[in-house]
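Step one of this worksheet: look at the structure below.
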Amino acid sequence: MSDIDERAVRAEVRAWLEQHWDPQRDLVSWRELLADSGWGVPHWPRAWFGRDLPVALCGAIEAEFEAVGAVGVARIGIRMLAAATLLEHGTEQHKSRFLRRILTGEDTWCQLFSEPGSGSDLAGATTRADFDGTQWTVNGQKLWTTSAHHAEWGLLLARTDWDAPKHQGLSYFVIDMTQPGVTVQPVKQMNGYASFNQVFLTDAHVPPENLVGAVGEGWQVAMTTLAHERRNADALRRWGEASTRAGRIYDEERAEIANVMAPYTWYPQRTGRVDLALARAHDTGRLADPALRQELARLLMLSRSSEWLAQRARTAREAGRPEGPEGSLGKLAASHVARQAAAVHTAISGADAMLAGADGPLDGLIAEILLSVPATSIAGGTDEIQLNIIAERVLGLPREPRLDGGPFRDVPRNPER
């Protein structure tokens, strides 16, 4: 788009905001108005609450919203992954039923992918969905499910054909999380939080119209969800920042953000808290140690390189370019940064780094960092998975030998206990 086009778009959205924005509105009614206008997600199709504008213009439109303090559509949590997936693979009925309430924030979503025996090996899912001619019946267990405790809807990957190869026997569903047969239990983590849940599905029902894509196409649909998850990983913190302005709509937004972001309060610690390292080295007098200075310099270089990589990914996304290797590269880079940060914090604090609570450095924050950092190398695909993706899809190296071909029922799996 030319500069003139951008100026025209900015002028149009500015005029619309001058006419409609009121911080004393309630949050849902404002977002309904926003969805109907198309300015909430302007890069979406006009038929579905957008304006068919290039992604490259979204930054300019957001700037106009920020200039007047206008609240946007609901974005935090899994909901926008659900929206992106349904926009690409959903039926007209799916879009009509779910998209508007995603944008208004009236529905909360969760992602039912990982299982106790198949975390990084997503295609090895054994949760099964059987069709009796009128509905699907789901039985199985999911793990590491954020927000399942308050979600109305779940994105479910389940096995519908045990005689097909494992990637071809999966199907993708939208499941009602409030129905009988869906049991959610929190999982206590070693850092003291309970951000995730395990979900038990016992004869839970899914109507046939809640199938997304065709039967057996679940893997392809899931890849869309995961691609958007990787691309938007760095936006979670930005979308989760609440305004300090006064007004009814801001009060309601703050309450929404506090509720949705509660499971993520420890996420800064799992990144290693690079921001604390240099100041801690100064305050403790450890900066005089030449060995520590070397490790600290290495940490800061890794961190800055990772930031540049994330910026490259954001620029590509804002320009509407297809996803490149930045997703897996960024995920792997974040793991290296987190581990190096943990090593530096340990070197600075010594044995005191193991002390929790008021006895530990920064009231136990350093100990929390050390306990949280391993999650970065696991969540969202392990480092080993990312290395395989980079090797095979980016560098074009030969694929890793596979021993799981043929019918899924014949693939060796962990024995059930």
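Figures for the structure shown
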{"quantity": "The one condition in (1) outside the structural domain of H20 (by TED's automatic domain parsing); (2) crowded, with 21+ Cβ neighbours inside 10 Å that S96 fails to fulfil", "calculated": "(2)"}
{"quantity": "Unmet requirement for K188, which otherwise passes all of (1) surrounded by 14 or more Cβ atoms within 10 Å (Cβ to Cβ); (2) within 30 Å of L355 (Cβ to Cβ)", "calculated": "(1)"}
{"quantity": "Residue list for segment 22-47, restricted to those being in contact with a Lys or Arg (Cβ under 9 Å, 6 or more places away or on another chain), in a helix (DSSP H, G or I) and of a type in the set (G, A, S)", "calculated": "A35, S37, A47"}
{"quantity": "Cβ pairs under 6 Å, 6+ apart, first in segment 281-310 and basic (K, R) and surrounded by 15 or more Cβ atoms within 10 Å (Cβ to Cβ), second part of a helix (DSSP H, G or I) and modelled with pLDDT of 95 or more", "calculated": "R286/L292; R286/I348"}
{"quantity": "The lone exception for L403 - which of (1) surrounded by 17 or more Cβ atoms within 10 Å (Cβ to Cβ); (2) in a loop (DSSP other than H, G, I, E, B); (3) over 26 Å from the mean Cα position of the chain (by Cα); (4) not acidic (D, E) it fails", "calculated": "(1)"}
{"quantity": "Failed condition for V221, given (1) more than 22 Å from F98 (Cβ to Cβ); (2) modelled with pLDDT of 90 or more", "calculated": "(1)"}
{"quantity": "Residue in segment 199-206 that is of a type outside the set (D, E, K, R), in contact (Cβ under 8 Å) with a residue 12 or more places away in the chain and assigned to a loop (DSSP other than H, G, I, E, B) present", "calculated": "no"}
{"quantity": "Check on A353, in contact with a Pro (Cβ under 8 Å, 6 or more places away or on another chain), hydrophobic (A, V, I, L, M, F, W, C), in a helix (DSSP H, G or I) and buried (at least 17 other Cβ atoms within 10 Å of the Cβ)", "calculated": "yes"}
{"quantity": "Qualifying residue in segment 384-392 (condition: over 30 Å from V274 (Cβ atoms) and at pLDDT 85 or above)", "calculated": "yes"}
{"quantity": "Subset tally (residues that are touching a residue at least 40 places away in the same chain (Cβ under 8 Å) and either hydrophobic (A, V, I, L, M, F, W, C) or surrounded by fewer than 16 Cβ atoms within 10 Å (Cβ to Cβ) (or both)) for segment 367-381", "calculated": "6"}
{"quantity": "Pick from segment 49-77, criterion assigned to a loop (DSSP other than H, G, I, E, B) and among the hydrophobic types (A, V, I, L, M, F, W, C), ranking: nearest to the chain's Cα centre (by Cα)", "calculated": "I76"}
{"quantity": "Lone qualifier among A334, A341 - being within 21 Å of G285 (Cα to Cα), crowded, with 21+ Cβ neighbours inside 10 Å and not basic (K, R)", "calculated": "A341"}
{"quantity": "Residue match in segment 315-327 (condition: basic (K, R), surrounded by fewer than 16 Cβ atoms within 10 Å (Cβ to Cβ) and not assigned by TED's automatic domain parsing to the domain that holds R273)", "calculated": "no"}
{"quantity": "Residue, modelled with the lowest pLDDT, within segment 240-287, restricted to residues that are charged (D, E, K, R) and part of a loop (DSSP other than H, G, I, E, B)", "calculated": "E241"}
{"quantity": "Within segment 113-170, strands (runs of 3 or more DSSP E) holding 2 or more residues that are over 26 Å from P263 (Cβ atoms) and of a type in the set (V, I, T)", "calculated": "none"}
{"quantity": "Which listed residue, of T108, T85, T91, is in contact with a strand residue (DSSP E or B) (Cβ under 9 Å, 6 or more places away or on another chain), touching a residue at least 60 places away in the same chain (Cβ under 8 Å), surrounded by fewer than 18 Cβ atoms within 10 Å (Cβ to Cβ) and closer than 29 Å to W144 by Cα", "calculated": "T91"}
{"quantity": "For T183: the one exception among (1) within 27 Å of R97 (Cα to Cα); (2) touching a residue at least 40 places away in the same chain (Cβ under 8 Å)", "calculated": "(2)"}
{"quantity": "Verdict on A391 being small (G, A, S), surrounded by 13 or more Cβ atoms within 10 Å (Cβ to Cβ), part of a helix (DSSP H, G or I) and in contact with an Asp or Glu (Cβ under 9 Å, 6 or more places away or on another chain)", "calculated": "yes"}
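Listed here are the residues, each with its yes/no results for (1) on the phi > 0 side of the Ramachandran plot; (2) over 23 Å from the mean Cα position of the chain (by Cα).
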site: Q141; (1), (2): no, no
site: Q168; (1), (2): no, yes
site: T183; (1), (2): no, no
site: D203; (1), (2): yes, yes
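The values are calculated or read from the model by the stated rules, or taken from the named source; none is laboratory data. None of these values were measured; they are calculated from a predicted model. Neighbour counts run over all protein chains shown; Cβ positions are idealised from the backbone, glycine included.
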